[in-house]
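Some notes on the structure that comes next.
The values are calculated or read from the model by the stated rules, or taken from the named source; none is laboratory data. Here the structure is a predicted model, which is why all the values come from computation and not from measurement. Positions of Cβ are backbone-derived with ideal geometry, glycine not excepted, and every protein chain shown enters the neighbour counts. Only protein heavy atoms, including side chains, enter the accessible area calculation; ligands, DNA and RNA are left aside. Shrake-Rupley method; radii C 1.70, N 1.55, O 1.52, S 1.80 Å.
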Amino acid sequence: MTEETPGFEEKSDVPSGATPDDAEPKAATPSTEEAAAPAGDASAAQTAGLTAQLDQVRTALGERTMDLQRLQAEYQNYRRRVERDRIAVKEIAIANLLTELLPVLDNIARARDHGELVGGFKSVAESLETVAAKMGLQQFGKEGEPFDPMIHEALMHSYAPDVTETTCVAILQPGYRIGERTIRPARVAVAEPQPGAQTVKADEAEAADDKESGGPDEG
């Protein structure tokens, strides 16, 4: 019988002392720095994007805030204008009403001057005058006050020795105003200084001064 000789086992070329795992090629693993670089770039890009979005939001917020402030200012101006117009319309309406009542008030004043303001007519007249005063009607014009063409209307003119300027010497019809608005000037008679009266008075004053000082010096 023929004996089989043991064959040789095939062995891979493995260096002595090396494990089988060392024989296989290892996959390249990225280093820590290489792995952190892409993550850092992504975080920076995300931060830049958020910053850009925040800037856009801030810009939009600033524009909306300016729009709101402008709208609020326009509304305040509108309210002031409406209130001013309302007051002006009210004053005009009151002035028109009281202007129509002035002839009635003149008749009441004449009746009072003639002693005819008695009984129930007196009560009604005084109530009407009270209501007109509450609505802001003011009477003006007095004898002896300087003539002012802005509030007086001269219907009569004369000269007087006892006045030093154009003066109201008689009130023919009183004037009326509402606040600062004159709705009817006072109709008056005025008197002016007589021509030459100022010169005479100046000479008299000079003579009186000389008399008090002992008279003119004699040469």
Discussion item. Looking at the range 55-83, I want the residues that are among the acidic types (Asp, Glu) and have a partner that is outside any helix (DSSP H, G or I) with Cβ atoms under 6 Å, at least 6 apart or on another chain. Which pairs are those?
Written reply: none
Worksheet item: What are the residue pairs meeting all of these: first residue in the range 93-118, first residue under 23 Å from Gly179 (Cα atoms), second residue open to solvent by less than 20 Å² (accessible area, probe 1.4 Å) and of a type in the set (Ser, Thr, Tyr), Cβ atoms under 9 Å, and 6 or more apart or on different chains?
Response: Leu98/Tyr176; Thr99/Tyr176; Leu102/Tyr176; Leu105/Tyr176
Worksheet item: Does the range 118-138 hold any residues that are surrounded by 14 or more Cβ atoms within 10 Å (Cβ to Cβ) and more than 16 Å from Pro103 (Cα to Cα), and which are they?
Response: Lys122, Gly136
